[in-house]
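Visitor: Take a look at the following structure, please.
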Amino acid sequence: MKFKAVQILFAIVLFTSCGPKPSKSIADITKEIDTYISHVDANSDLKEETIEGALTDLEGFKDIGKFKYTVYFDGQSNHLYKIKNVEMTDKTISETYYFKDGDLMFIDTNLGGASNKMYVQKYKVISETKTNAETQKLLLEKAKRFQKNFNKER
């Protein structure tokens, strides 16, 4: 009888411990990301590399503006933390991408005067302000391209 009670108790414990884990709320995730961003922005030990150049038309012949691309990373481990991209044509576009452990976490943009913030998890937008689907897709693709380029150079 006692052995059967122990088996039932073991089965209940096993079932509850292997059941679905409650996930964090979006508010908790965005709060963690905001804290992480504050730490990255306050970290003066990050190595900074900047590239500046001209933006050309689609044919590559006519200058239409300029860009400034800055990468922030740990100099010893080459761990990527942040990429800031600024494009200046008839309007200025500023994009800042934050990474943690190889994953995109956050995109902060100023597209022609309109500021937008996108919280990202596994390259999917989980919370954002007023960004259409086409712009979201473009920014996520740019983040992947920037990260791939950074990793290729290291």
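Visitor: Ratio of alpha-carbon Rg to the 2.2 N^0.38 Å globular estimate for segment 26-153, to two decimals, please. Could you put the intermediate results ahead of the total?
Guide: Numbers: Rg = 15.0 Å, N = 128, 2.2 N^0.38 = 13.9 Å.
The reported ratio for this selection is 1.08.
Visitor: Shifting gears a bit: Would you calculate the separation in nanometres between label points at S38 and D108, each defined as 7 Å from the Cα along the Cα-to-beta-carbon direction?
Guide: 1.3
Visitor: Same structure, new question: Quick one: net charge of N151's neighbours, Cβ under 12 Å, K/R +1, D/E -1?
Guide: Values: positive: K144, R145, K148, K152, R154; negative: E153.
Residues close to N151 contribute a combined charge of +4.
Visitor: Hey, another quick one. What is the extension gain from N149 to D63, computed as 0.36 nm multiplied by their sequence separation minus the C-alpha to C-alpha distance, in nm to one decimal? Don't skip to the end; give the middle numbers.
Guide: On the way: separation 86, 0.36 × 86 = 30.96 nm, distance 2.33 nm.
That pair, N149 and D63, stretches by 28.6 nm at full extension.
Visitor: Going through segment 44-152, which chymotrypsin sites (Phe, Trp or Tyr not before Pro) have at most 12 other Cβ atoms within 10 Å and a DSSP loop state? Intermediate results must be reported in sequence, preceding the final value.
Guide: Working: sites: F61, F67, Y69, Y72, F73, Y81, Y97, Y98, F99, F106, Y119, Y123, F146, F150; in loops: F61, Y123.
Answer in residue order: F61, Y123.
Visitor: Something else now. Between segment 24-78 and segment 100-122, what's the alpha-carbon centroid distance in Å?
Guide: Segment 24-78 and segment 100-122 have Cα centres spaced 10 Å from each other.
Each value in this text was obtained by applying a stated rule to the coordinates, not by laboratory testing. Bear in mind the structure is a predicted one, so any value in this text is a computation, not a measurement. Cβ: placed from backbone, ideal geometry, glycine included. Neighbour counts: every protein chain shown.
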